[in-house]
Structures are given as C-alpha cells and as structure tokens.
Amino acid sequence: MTQNNPNLFDCHPLFEDVQMNQIFEDGKTFVDCIPKESTGIILQQYLQQKDNPGFSLNNFVFSYFELPPVFAGNYHTGAGTTADDHINELWSVLTRQPDEKQGSLIPLPNSYIVPGGRFGEVYYWDSYFTMLGLKAAGMRGMIENMVDNFSHLINTIGYIPNGNRTYYLGRSQPPFYSLMVQMLAEIKGKEILPHYLKPLEMEYLFWMKGAGELNEKNNTAHHAVSMTDGEVLNRYWDDNDTARPESYREDVALSNHTTQSPQILFRHLRAGAESGWDYSSRWFKDGATFETICTADIVPVDLNCLLYHLEHTIAEACHISENGGAARAYTLLAEKRKAAIQKYCWSDELRFYVDYDLSEKNQTREITLAGVAPMYLKIATQQQADLVAEILQAQFLSPGGVVTTLKQTGQQWDTPNGWAPLQWMTVIGLGQYSHHALAETIAQRWIKLNTDVYNRTGKFMEKYNVVDTHLEAGGGEYTGQDGFGWTNGVYLALKQLYGG
C-alpha cells in the first residue's frame, strides 16, 4: 500500500470525521466501503472541499464510495421451507467467490462461506463451526477450499487474521486451524497432514512469538507469557494500540469513561476482539463494567487448550513425515502445556476451569463456558469432567441450551445469550466424558430454539436468548445478524448427531 493510496482508515481527518459523525449507523460499513477513486485522491478532494459553504459530508461519502455487498441480510426462503432446507439453500447465498482486492478486502484464492449480515468476509474461528455444517451437508470441496484459503493467509501474511480485511491485520482469532486440518484429514485421510505441516508450524510460530524473550523481569511478549514457575502459556494480543477502525466511535467513547490510558484500553479491546468473545464480563477486572476491560492481562483456558491441539497436530504430521525427533519435541511441548493448564486453570474450589489473571498472579473468579474447552480437547480427567458437568447442569443449563456466563452485563457474550460454537464445544466435551444425557438435553434444546426462531422469523441468527426463548438476543456493539454461518453449521451437525 503506497503512501498515495493509503488504507481508508489512514485517511485523516476524513476517516475520523465520518466515523465520529456516524454517517453510517454501523462503523464497520465505512471501512468495508469500496472507494470509487484512489483513497489518496479522495482524501485530497475532501481536504479541498470540507470547509466550503454548504459542504455535505454525507453527500461526499456517497459520491466517492460504493456500499459493500450484504450477504443474506434480507434473504428468505419460500413459505413452508423447512429449517434444514433453508440452510442448504443458504450455502450458495453465503458463498463468496474469489475476487480482486477491493477496498479493505484481502482477496482469497478459493471460494468461501461468509457468516452473513454485516460480516461479508471470512472469519477465522467462525469458519470451523460453519465447516461442521458443510461436512454434514456433504460439501467436501468447500471444506478443502476454506482450509486452503487459511493456509494461503498463513503462507502470505504469516498468520490468519481475525478476518480477510486489512483493518484486522495485527490480530488473529481462536486458533482452530489445526481442527480444520484434522476435519479435512477425516475426509481425505491422515496422509494429507504433512501437506499442511508448514502452515501448521507457521501458525504455531505466530502464537509463540516472543517466547524466547521472556525472563523474570519481562513475563509477557506478544502472545507469549511466562507463568510463576517458568511455564510458557499464551494470551490474546494485538500488535496495535489504536481504536479499532470498524468500531472507532465506540472505542473513542469508551476511552472517555475509563481511568485506563487510551493506548492500554485499545490494546485490551483489540485483544478482546481476537478472543472472539467481544465482549464479556470474563475480560473485566471488576467482572461487571466494560471500562475495566483487561483482556491482555488474562491467560485464557480455551486459547491454551486450542494450542495444545495445535502442538499435537504438528507432532502427528511430523510422525507421518517420519521426522520422529520433531514429533517427540512437539508432543513434549503439548504435555507441558497440558500440565500447565491443569496447574493454573483448574480450580478445586470452584470445581471448574477458569482463566488466570497475570496482574493478580491468581485465577479469576469468572465461571464461563470457556471452562468446557479442556473437556472438548480431552485435557480434563474424568473426575474433573464430572465436576464440570454438575456445574453446567446446575448453573448454565437453560430452556434454550447453555448460557455463556453467569453474569448479565449487557454485553453480548454474557447471559442470557447463547452462541452456537459454545453449544457445540459443551455438547461434544460432555459426550467425550460419558455425560451423554446432559449433552443430548443441551443439543435438543438448542435445536428446538433454532427451529422455533426460524419458524417465527424465517432466519437463523448469530446468537440467541437461551433464558427466555421468546425474546431476541441483545447486547453488543451492533444489532443481531442473520445468515448465519456458524449457527447453520452447528445446527446441521447437532441434528446429524441427535436426529430429529
């Protein structure tokens, strides 16, 4: 990107003026717009015109920018269409073909599925759960396309960004790439794993960047953290400390209501966006208010479980490649991580897995569905899984599935909302430890909620109110989105497991 054609969000003061004056209700719309001219020329025109009498910022924006396409935003199938048929018809609507770079979009070499609504690009962790539905629907070619697209991003950028937009560069999302590769290996055979060994190792290097810089005086570097006894675990992190372009107005507004410096606040907000849980009481220092967000100070249990899976997958690929030394090295790394997860994230008192607060040098008190990750990825003991299952049944189980947290803060990743990926991880985790009845109860309640909302609205939503199933889900920085990739995927996969 040359200086004469900067990213739209580097076009000062045009970018700030548009976002702070809320020309678009959703700040993401502007950074997804397609410039009709070079952004350098547009900025030059803005600087020349903005102080003229009668100048209209609104008219200027619509003269120089084309609105981004919306995928499935108002899509309805015909009357009487079943929920299953609706989803299978939606796949083509949610498919984006490879294209040239337009505005902030990072082009991909193969077609891919987008979530829908305001999300017209691929998202990292969303895609794994979408792929579960593609597998159930027999769309194996699209699964391979998406794995290869993510491999392309790793090979060209060095990691998988939050989404394929330039404003997402600097952060990733929960690392499900190794699970995607394993899904493809289930379809095509384990012999494909060595083909993906290089991007798997590059993914690992991205998350472990800075590990060699850790010492007693400096216990954090990028995503890597040194624990109290020297173990290396990971956190969420973004290389940038500025307001998010897609949520610029909201971030600036929050910075005016916190004691944190803007740079520190913005770093925590970006780390929270990388977590996928944007946002939740899980990341709040006081467990209640957004202003106390401290995501980068927290060692998340689920992130480290996913990296354990990545280490094991690399070890398996090395073993198939007959590189026994590397296979043993990665297996050892995985076993060390597993021991550290048990040591720092299992709470005997709470009988649940929790996150770890680096600044307090202690476990957090937040019980959330992140605590099912050690069951989902087979790290928990049977005794631990039994205790977690008791808490899930007593405190998380709701009429529509399981709530994400036990706190109601108005944030979209807190109660009363439930989300498809966490229903899946909970159901599968419980099943792997023989808690089949509870797993099926959660699955059937979620399937019924999805079906009821579809019958009522004709849509599959991004998130759901699982406490009062007659109300729509709320909270967060934007209105509820329909489409919706990962909900479609988990719905089809759960129906395949539990019938109906």
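The values are calculated or read from the model by the stated rules, or taken from the named source; none is laboratory data. Just so we're clear, the structure is a prediction, and the values are computed from it rather than from any experiment. Every residue, glycine among them, receives a Cβ derived from its backbone with ideal geometry; neighbour counts consider all protein chains shown.
May I ask you to verify whether Gly230 is in a loop (DSSP other than H, G, I, E, B) and either more than 19 Å from Trp413 (Cα to Cα) or not aromatic (Phe, Trp, Tyr) (or both)?
Criteria met by Gly230.
Residues being touching a residue at least 60 places away in the same chain (Cβ under 8 Å) and hydroxyl-bearing (Ser, Thr, Tyr): count how many of those fall in the range 1-60.
Here the count works out to 1.
Contact list please: Cβ distance under 6 Å, first residue in the range 359-373 and in contact (Cβ under 8 Å) with a residue 60 or more places away in the chain, second residue of a type in the set (Asp, Glu), pairs at least six apart or on different chains.
Once the first residue is in contact (Cβ under 8 Å) with a residue 60 or more places away in the chain and sits in the range 359-373, its partners that are of a type in the set (Asp, Glu) give Ser359/Asp297; Thr364/Asp355; Thr364/Asp357; Ala370/Asp302; Ala373/Asp302.
For Leu179, indicate whether it is of a type in the set (A, V, I, L, M, F, W, C) and in contact (Cβ under 8 Å) with a residue 40 or more places away in the chain.
Criteria met by Leu179.
Please find, among Ser434, Ser398, the residue that is small (Gly, Ala, Ser) and surrounded by fewer than 18 Cβ atoms within 10 Å (Cβ to Cβ).
Ser434
Can we say Met425 is of a type outside the set (S, T, N, Q), buried (at least 21 other Cβ atoms within 10 Å of the Cβ) and either on the phi > 0 side of the Ramachandran plot or in contact with a Leu (Cβ under 9 Å, 6 or more places away or on another chain) (or both)?
yes
With respect to Trp283, is the statement that it is within 22 Å of Val403 (Cβ to Cβ), surrounded by 24 or more Cβ atoms within 10 Å (Cβ to Cβ), free of Cβ contacts under 8 Å to residues at least 40 places away in the same chain and in contact with a helix residue (DSSP H, G or I) (Cβ under 9 Å, 6 or more places away or on another chain) true?
Yes: the conditions hold for Trp283.
Looking at Gly287, Gly276, which one is more than 19 Å from the chain's Cα centre (by Cα) and at positive phi?
Exactly one residue qualifies, and that residue is Gly287.
Restricting the search to the range 261-290, which residues are of a type outside the set (Phe, Trp, Tyr) and in contact with a strand residue (DSSP E or B) (Cβ under 8 Å, 6 or more places away or on another chain)?
Leu265, His268, Leu269, Gly272, Ser280, Ser281, Arg282, Lys285
Which numbered condition trips up Ala243, out of (1) under 30 Å from Phe352 (Cα atoms); (2) surrounded by 17 or more Cβ atoms within 10 Å (Cβ to Cβ)?
It fails just one condition, (1).
Looking only at residues in the range 142-176 that are without any contact (Cβ under 8 Å) to a residue 40 or more places away in the chain and in contact with a strand residue (DSSP E or B) (Cβ under 8 Å, 6 or more places away or on another chain), which one is surrounded by the fewest Cβ atoms within 10 Å (Cβ to Cβ)?
Asn145
Can you pull out the residues in the range 230-240 that are touching a residue at least 12 places away in the same chain (Cβ under 8 Å), surrounded by fewer than 17 Cβ atoms within 10 Å (Cβ to Cβ) and over 21 Å from the mean Cα position of the chain (by Cα)?
The answer is Glu231, and nothing else.
In the range 327-347, how many residues are without any contact (Cβ under 8 Å) to a residue 60 or more places away in the chain and of a type in the set (D, E, K, R)?
Result for the range 327-347: 3.
Take Lys36 and tell me if it is surrounded by fewer than 13 Cβ atoms within 10 Å (Cβ to Cβ), among the basic types (Lys, Arg) and over 24 Å from Glu462 (Cβ atoms).
yes
Look at the range 354-380 and say how many of its residues are crowded, with 21+ Cβ neighbours inside 10 Å and either modelled with pLDDT under 95 or within 30 Å of Leu471 (Cβ to Cβ) (or both).
13
Yes/no per residue for (1) surrounded by 17 or more Cβ atoms within 10 Å (Cβ to Cβ); (2) touching a strand residue (DSSP E or B) at 6+ places or on another chain (Cβ under 7 Å); (3) under 27 Å from Gly287 (Cβ atoms); (4) among the charged types (D, E, K, R):
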{"residue": "Gln382", "(1), (2), (3), (4)": "no, no, no, no"}
{"residue": "Val388", "(1), (2), (3), (4)": "yes, yes, yes, no"}
{"residue": "Gln393", "(1), (2), (3), (4)": "no, no, yes, no"}
{"residue": "Thr415", "(1), (2), (3), (4)": "yes, yes, yes, no"}
{"residue": "Arg456", "(1), (2), (3), (4)": "no, no, no, yes"}
{"residue": "Phe484", "(1), (2), (3), (4)": "yes, yes, no, no"}
{"residue": "Asn488", "(1), (2), (3), (4)": "yes, no, no, no"}
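What are the residues in the range 8-22 that are surrounded by fewer than 17 Cβ atoms within 10 Å (Cβ to Cβ) and in a loop (DSSP other than H, G, I, E, B), if any?
Matches in the range 8-22: His12, Pro13, Asn21, Gln22.
I need the full set of residues from the range 204-227 which are closer than 17 Å to Pro161 by Cα and not in a loop (DSSP other than H, G, I, E, B), in order please.
Within the range 204-227, Tyr204, Leu205, Phe206, Trp207, Met208 qualify.
Identify all residues within the range 241-280 that are touching a residue at least 60 places away in the same chain (Cβ under 8 Å) and β-branched (Val, Ile, Thr); write none if there are none.
Within the range 241-280, Val252 is the sole residue that qualifies.
Looking at (1) outside any helix (DSSP H, G or I); (2) of a type in the set (Gly, Ala, Ser); (3) modelled with pLDDT of 95 or more; (4) within 24 Å of the chain's Cα centre (by Cα), which one does Ala473 not meet, given that it meets all the others?
The number of the failed condition is (3).
Restricting the search to the range 198-218, which residues are surrounded by fewer than 16 Cβ atoms within 10 Å (Cβ to Cβ) and either modelled with pLDDT under 95 or out of contact with any Gly (no Cβ under 9 Å at 6 or more places or on another chain) (or both)?
If the condition is that a residue be surrounded by fewer than 16 Cβ atoms within 10 Å (Cβ to Cβ) and either modelled with pLDDT under 95 or out of contact with any Gly (no Cβ under 9 Å at 6 or more places or on another chain) (or both), then Lys198, Gly212, Glu213, Asn215, Glu216, Lys217, Asn218 are the ones that fit.
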